[in-house]
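Okay, structure first, notes after.
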Amino acid sequence: MHTGLESPTGVWWKPAHRTEKLWVAIAFGWCMVLFAMMPLWHWKGGQNPTGIRHRVTAEAFAQRTQEFIDTYQVGEEAGIPVVEPPAGSDIYLVGAMWSWRPVLRLRQGVQYTLHLSSVDVNHGFNLYPINVNFQVVPGYDYGLRVTPTAAGEFQIVCNEFCGIGHHLMVGKVIVLPAEQTAAVTGGAP
Amino acid sequence: MSDRFRLCPTTGLKVHAQADALIKANAVVATVALLIGGVTAVLVMLTRWQAIHLLPADWFYRLLTVHGMNMLIFFILFFEMAVLYFASAVLLNSRVAAPKMAWSAFVLMVAGTGLVEWTMFTGRADVLFTSYVPLRAHPAFYLGVILFAVGALVVVSIFFATLVVAKREKTYQGSVPLVTFGAATAAIIAVITLGHGAAIYIPTFLWSLNLMHVDAQVYRLVWWGLGHSSQQINVAAMVSVWYLLGGLTVGAVVLNEKISRSAFVLYVLFISMASAHHLLVDPGMGAAWKVWNTSYAMYLAVLASMVHGFTVPAGMELGQRLRGYTKGLFEWLRKAPWGDPGFSALVFSVIIFGFVGGITGVTFGTEQINIIAHNTLRIPGHFHATVVGGTALAFMGVTYYVIPLIFRKRIAFWPLARIQPYLFAGGMLVFSVAMTFAGTFGVPRRHWDISFQQAPFEVQYAPAVDLVIGVMAVGGLVAALGGGIYILVTVWSVFFGQPMEKGARA
Ligand code: HEM
Ligand SMILES: [Cu+2]
Ligand SMILES: [Cu+2]
């Protein structure tokens, strides 16, 4: 018997005690369970962070968002355009120091393809109060299939440090209730 | 200073004068970094506590950068450099392989640290310790990091060279001790880490001089190759210190060398890929890449920690039983030296690291949970349990042995030293659990104002959040008090303490 400070002499590659072996077996088994769960969760779980991925330049994304705003703008809130895109369409949200543009007005139970990107530094998409988070990286168009399941107002809090105005960066999503929706398509959570 | 050795009266180890001096120098700088990190921790904490909201926004982000860099990088790594010298030269009775080079490396690391501190404190590097491109810092910030890393790489090489010297000069018999073996795995991981560090900080330095382009997603990928594996250096070093403290405090024995050493090897094998769990909600990588890299690599490193989590306490129990505490199931634990800060720090380090840090960490590594945890306060809640409640606390515990053994001073303010680990561990436990809990409400990390006074749209967190953050602040302040006592005790002991009897010269 020796401590971890002393040099073991002779052959130390010896069989382990029963309890120690048992623990290693339990731990290994548990790790294998987790290992299997990872793809299973992806396959069975309802919210996966992976969407459609494209590279995009800041200019191109800013331009696409502007076209999107020009086409569907219905108003303005706090100086930020409000848009109401048709059901099932591609919708754009751009993070820039320090705002999210535009304000999105969506329909409950309808699927959209949300495109997220940044025109300057990293930003973080955090949907309040549901708490869903995505990293928004400049140069990448993050396309996510989203279906609002609840009506109401939601805020988008930036949760990646993006400079001195980071804490000012709050956006908004308005979800109109399903009864106001002409044709409800799908709506799986 | 020459190649003289002295004989340590407590352990019987032969200590090389250069090893002595290098350990001292690195430990002193580590403590200075801890002090800066600790003061900024309190300021940052008192700002996040919205009831006080102490700092203005610019100084909050600035001092958060200072806190992260000084704690996670400078304190931890300077301390680890001392651990490397200890585990090689001291434990093997050897000389330090290349003392002159070792001192140059030290100077390089201090110079790098100085550059980084200067840029941070003068507001030239408000980018937080992750410095995600294209957020821009002064080129001297990146240069400082590079100098620091080069210095660390040299120390790691000297560690390996010392192992070779010791083997060749036959300063020990048999195999290297388990603690040295563990430190060697930490050193190997350090090489991998510093490789990633070079791969990202050199291009970023050039980018800051407008000499090249760095893609934001590629930066995150490679940076986390550095950021994640550096945490594994901390884990491997911490576990080595667990075995060291176990041996020093209760004569803990190594149950089975094969099992413990194989577990250390798992750390080396399954590290750098596991960094994928930092990128689970990033746009740049696909599902298959994320799932594969996060799970296969992470769980086998977790396996290693689970093995150590068994063998360390079991070895302590056996050590105590061999000392005659054999009555019933728990006499060994009841009669353990709970008043020895080395021992209590060890016990709390194992518990907080394993049960709070480990479990939260593993769960965040799944896509579904990451999506609700990413960049919320759950993340700093998790790593204040791993690297603070775990690594920093273990390092504090071992200092109570380094001071008599290396500095040859008695520990001053012994009654304070005895309660120090209890304060630090208790405070950190409350702090990190409360922080994690606040994160479950979606409260973001790195955020100056979660009341969103000046934001265009209103956000109001559940009223419970105020309470939870208040609890977190109290826990944090108690931990900071524990940290302050640690600094007081160690600095006083080293500079004004009573010397131990002079060790005989060998
Ligand atoms: C004395 C106890 C400590 C207290 C009260 C404390 C408190 C805090 C607080 C309030 C934050 C800000 C969280 C946020 O707003 O996102 C923070 C961040 C952080 N702390 Fe600590 N801390 C302590 C010790 C440590 C130690 C010892 C380390 C490392 C070894 C450490 C590493 C970090 C890091 C890396 C961050 C993240 C910085 C960032 O997000 O850029 N802390 N800490
Ligand atoms: Cu932002
Ligand atoms: Cu931000």
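The values are calculated or read from the model by the stated rules, or taken from the named source; none is laboratory data. It should be emphasised that the depicted structure is a prediction, and the values quoted were computed from it without experimental measurement. So basically every Cβ, Gly included, is an ideal-geometry build from the backbone, and we count neighbours across all protein chains shown.
Out of curiosity, is A:Val175 within 16 Å of ligand 2 (Cβ to nearest atom) and of a type in the set (A, V, I, L, M)?
On the way: within 16 Å of ligand 2 (Cβ to nearest atom): no; of a type in the set (A, V, I, L, M): yes.
Considered against the rule, which asks whether it is within 16 Å of ligand 2 (Cβ to nearest atom) and of a type in the set (A, V, I, L, M), A:Val175 comes out as no.
With respect to B:Phe86, is the statement that it is assigned to a helix (DSSP H, G or I) and more than 28 Å from B:Gln173 (Cα to Cα) true? Spell out the reasoning first.
On the way: assigned to a helix (DSSP H, G or I): yes; more than 28 Å from B:Gln173 (Cα to Cα): no.
Considered against the rule, which asks whether it is assigned to a helix (DSSP H, G or I) and more than 28 Å from B:Gln173 (Cα to Cα), B:Phe86 comes out as no.
With respect to B:Leu333, determine if the residue is in contact with a Leu (Cβ under 9 Å, 6 or more places away or on another chain), part of a helix (DSSP H, G or I) and either at pLDDT below 90 or more than 22 Å from B:Ser229 (Cβ to Cβ) (or both). Break it down stepwise before answering.
Working: in contact with a Leu (Cβ under 9 Å, 6 or more places away or on another chain): no; part of a helix (DSSP H, G or I): yes; either at pLDDT below 90 or more than 22 Å from B:Ser229 (Cβ to Cβ) (or both): yes.
No.
How many of the residues in the range B:70-89 are more than 14 Å from chain A (Cβ to nearest Cβ), of a type outside the set (D, E, K, R) and more than 8 Å from ligand 1 (Cβ to nearest atom)? Steps first, please.
Residues of the range B:70-89 that are more than 14 Å from chain A (Cβ to nearest Cβ), as a first pass: B:70-82, B:84-85.
So of that shortlist, the ones also of a type outside the set (D, E, K, R) come out as B:70-79, B:81-82, B:84-85.
From what is left, the residues that are more than 8 Å from ligand 1 (Cβ to nearest atom) are B:70, B:73-74, B:77-79, B:81-82, B:84-85.
Qualifying residue count for the region: 10.
Each row is one residue, and each column tells you yes or no for (1) in contact with a Phe, Trp or Tyr (Cβ under 6 Å, 6 or more places away or on another chain); (2) closer than 27 Å to B:Tyr400 by Cβ.
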residue	(1), (2)
B:Gly68	yes, yes
B:Leu77	no, yes
B:Glu80	no, yes
B:Val83	no, yes
B:Val107	no, no
B:Gly112	yes, no
B:Met120	no, no
B:Arg136	no, no
B:Val156	no, yes
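Can you find a residue that is within 16 Å of ligand 2 (Cβ to nearest atom), more than 21 Å from the chain's Cα centre (by Cα) and outside any loop (DSSP other than H, G, I, E, B) anywhere in the range B:495-505?
So the first thing to find is which residues in the range B:495-505 are within 16 Å of ligand 2 (Cβ to nearest atom), and the list is none.
Checked against the condition, which is being within 16 Å of ligand 2 (Cβ to nearest atom), more than 21 Å from the chain's Cα centre (by Cα) and outside any loop (DSSP other than H, G, I, E, B), the range B:495-505 yields no hits at all.
Just name the residue that is nearest to ligand 2 (Cβ to nearest atom) out of those in the range B:30-74 that are among the aromatic types (Phe, Trp, Tyr) and crowded, with 23+ Cβ neighbours inside 10 Å.
Step one: of the range B:30-74, the residues among the aromatic types (Phe, Trp, Tyr) are B:49, B:59-61, B:74.
Narrowing further to those that are crowded, with 23+ Cβ neighbours inside 10 Å: B:60-61, B:74.
On the way: B:Phe60: 15, B:Tyr61: 12, B:Phe74: 28 Å.
Applying the filter and picking the extreme gives B:Tyr61.
With the structure loaded, tell me whether B:Leu303 is facing another protein chain (nearest Cβ under 7 Å) and out of contact with any strand residue (DSSP E or B) (no Cβ under 7 Å at 6 or more places or on another chain) or whether it fails that test. Spell out how you get there, then give the answer.
Numbers: facing another protein chain (nearest Cβ under 7 Å): yes; out of contact with any strand residue (DSSP E or B) (no Cβ under 7 Å at 6 or more places or on another chain): yes.
Taking the combined requirement at face value, the residue satisfies it.
I'd like the full set of residues that are farther than 14 Å from B:Val443 by Cβ, β-branched (Val, Ile, Thr) and either assigned to a strand (DSSP E or B) or within 7 Å of chain B (Cβ to nearest Cβ) (or both), limited to the range A:133-169.
A:Val136, A:Val137, A:Val146, A:Ile156, A:Ile164
Being touching an Asp or Glu at 6+ places or on another chain (Cβ under 8 Å) and either more than 16 Å from ligand 2 (Cβ to nearest atom) or charged (D, E, K, R) (or both) is true for just one of B:Leu346, B:Leu333, B:Leu322. Which residue is that? Before you say what the answer is, go through the steps one by one.
Working: B:Leu346 fails: touching an Asp or Glu at 6+ places or on another chain (Cβ under 8 Å); B:Leu322 fails: touching an Asp or Glu at 6+ places or on another chain (Cβ under 8 Å).
Going through B:Leu346, B:Leu333, B:Leu322 in turn, just one is touching an Asp or Glu at 6+ places or on another chain (Cβ under 8 Å) and either more than 16 Å from ligand 2 (Cβ to nearest atom) or charged (D, E, K, R) (or both): B:Leu333.
For the range B:254-283, which positions are part of a loop (DSSP other than H, G, I, E, B) and at pLDDT 85 or above?
Step one: list which residues in the range B:254-283 are part of a loop (DSSP other than H, G, I, E, B), which gives B:254-256, B:270-271, B:280-283.
The answer is B:Val254, B:Leu255, B:Asn256, B:Leu280, B:Val281, B:Asp282, B:Pro283.
Condition first: of a type in the set (A, V, I, L, M), more than 23 Å from A:Pro8 (Cβ to Cβ), surrounded by fewer than 23 Cβ atoms within 10 Å (Cβ to Cβ) and within 14 Å of another protein chain (Cβ to nearest Cβ). Can you find one or more residues in the range B:163-184 that meet it?
Step one: filter the range B:163-184 for residues of a type in the set (A, V, I, L, M), giving B:163-166, B:176, B:178-179, B:183-184.
This time we only want the ones that are more than 23 Å from A:Pro8 (Cβ to Cβ), so: none.
Within the range B:163-184, not a single residue is of a type in the set (A, V, I, L, M), more than 23 Å from A:Pro8 (Cβ to Cβ), surrounded by fewer than 23 Cβ atoms within 10 Å (Cβ to Cβ) and within 14 Å of another protein chain (Cβ to nearest Cβ).
Test of understanding: among B:Pro415, B:Pro404, B:Pro380, which residue is within 16 Å of ligand 3 (Cβ to nearest atom), farther than 17 Å from A:Val132 by Cβ and out of contact with any Leu (no Cβ under 9 Å at 6 or more places or on another chain)?
Details: B:Pro415 fails: within 16 Å of ligand 3 (Cβ to nearest atom); B:Pro404 fails: within 16 Å of ligand 3 (Cβ to nearest atom).
Sole residue among the options that is within 16 Å of ligand 3 (Cβ to nearest atom), farther than 17 Å from A:Val132 by Cβ and out of contact with any Leu (no Cβ under 9 Å at 6 or more places or on another chain): B:Pro380.
Give all pairs with beta carbons closer than 9 Å in which a residue from the range B:412-433 that is buried (at least 18 other Cβ atoms within 10 Å of the Cβ) meets a residue that is not in a helix (DSSP H, G or I); count only pairs at least 6 apart in sequence or on separate chains.
Listed by first residue and then by second, the contacts come to B:Ala412/B:Gly497; B:Ala412/B:Gln498; B:Ala417/B:Ile411.
Would you mind telling me which numbered condition in (1) of a type in the set (Gly, Ala, Ser); (2) away from ligand 2 (no atom under 12 Å from the Cβ); (3) within 27 Å of B:Tyr132 (Cβ to Cβ) A:Gly88 fails?
Exception for A:Gly88: condition (3).
Return the residues of the range A:141-159 that are touching a residue at least 40 places away in the same chain (Cβ under 8 Å) and in contact with a Phe, Trp or Tyr (Cβ under 9 Å, 6 or more places away or on another chain); say none if nothing qualifies.
Quick first cut of the range A:141-159, residues touching a residue at least 40 places away in the same chain (Cβ under 8 Å) only: A:141-145, A:147-151, A:156, A:158.
Answer for the range A:141-159, where residues must be touching a residue at least 40 places away in the same chain (Cβ under 8 Å) and in contact with a Phe, Trp or Tyr (Cβ under 9 Å, 6 or more places away or on another chain): A:Asp141, A:Tyr142, A:Leu144, A:Arg145, A:Thr147, A:Pro148, A:Ile156, A:Cys158.
Among residues belonging to the range B:213-225 that are part of a loop (DSSP other than H, G, I, E, B) and out of contact with any Pro (no Cβ under 6 Å at 6 or more places or on another chain), point out the one that is nearest to A:Pro138 (Cα to Cα).
B:Asp215
Going by the structure shown, is B:Phe495 of a type in the set (A, V, I, L, M, F, W, C), within 30 Å of B:Thr11 (Cβ to Cβ) and surrounded by fewer than 20 Cβ atoms within 10 Å (Cβ to Cβ)?
Working: of a type in the set (A, V, I, L, M, F, W, C): yes; within 30 Å of B:Thr11 (Cβ to Cβ): yes; surrounded by fewer than 20 Cβ atoms within 10 Å (Cβ to Cβ): yes.
In short, yes.
Residues of the range B:408-453 being among the small types (Gly, Ala, Ser) and farther than 16 Å from B:Gly475 by Cβ, which ones?
Our first condition is that a residue be among the small types (Gly, Ala, Ser); within the range B:408-453, this holds for B:412, B:417, B:425-427, B:432, B:434, B:438-439, B:442, B:451.
The answer is B:Ala412, B:Ala417, B:Gly442, B:Ser451.
Would the range A:92-109 turn up any residue that is facing chain B (nearest Cβ under 8 Å) and without any contact (Cβ under 8 Å) to a residue 60 or more places away in the chain?
Step one: of the range A:92-109, the residues facing chain B (nearest Cβ under 8 Å) are A:99.
Now restrict to residues that are without any contact (Cβ under 8 Å) to a residue 60 or more places away in the chain: none.
No: the range A:92-109 contains no residue that is facing chain B (nearest Cβ under 8 Å) and without any contact (Cβ under 8 Å) to a residue 60 or more places away in the chain.
So, in the range B:442-475, how many residues would count as being within 14 Å of chain A (Cβ to nearest Cβ) and either within 11 Å of ligand 1 (Cβ to nearest atom) or not in a helix (DSSP H, G or I) (or both)?
As a first pass, look at the range B:442-475 and keep what is within 14 Å of chain A (Cβ to nearest Cβ): B:442-465.
In the following step, the residues that additionally are either within 11 Å of ligand 1 (Cβ to nearest atom) or not in a helix (DSSP H, G or I) (or both) were identified as B:442-463.
Count: 22.
Of the residues B:Ala276, B:Ala287, only one is more than 28 Å from B:Phe348 (Cα to Cα) and either buried (at least 24 other Cβ atoms within 10 Å of the Cβ) or among the β-branched types (Val, Ile, Thr) (or both); which? Walk me through it before giving the result.
On the way: B:Ala287 fails: either buried (at least 24 other Cβ atoms within 10 Å of the Cβ) or among the β-branched types (Val, Ile, Thr) (or both).
None of the other options fit; the residue is B:Ala276.
Scan the range A:5-28 and report the pairs whose first residue is within 7 Å of another protein chain (Cβ to nearest Cβ) and whose second residue is basic (Lys, Arg), with Cβ atoms within less than 6 Å and a gap of 6+ or a chain change.
Hits for this filter: A:Trp13/B:Lys258.
Is it fair to say A:Phe154 is at pLDDT 95 or above and within 15 Å of ligand 2 (Cβ to nearest atom)?
No.
Could we say that B:Leu22 is touching a residue at least 12 places away in the same chain (Cβ under 8 Å), within 30 Å of B:Phe5 (Cα to Cα) and under 21 Å from the mean Cα position of the chain (by Cα) here?
Values: touching a residue at least 12 places away in the same chain (Cβ under 8 Å): yes; within 30 Å of B:Phe5 (Cα to Cα): yes; under 21 Å from the mean Cα position of the chain (by Cα): yes.
Yes.
Condition check: free of Cβ contacts under 8 Å to residues at least 60 places away in the same chain and either within 16 Å of ligand 1 (Cβ to nearest atom) or under 22 Å from A:Phe61 (Cα atoms) (or both). Does A:Glu179 satisfy that?
Details: free of Cβ contacts under 8 Å to residues at least 60 places away in the same chain: yes; either within 16 Å of ligand 1 (Cβ to nearest atom) or under 22 Å from A:Phe61 (Cα atoms) (or both): no.
No.
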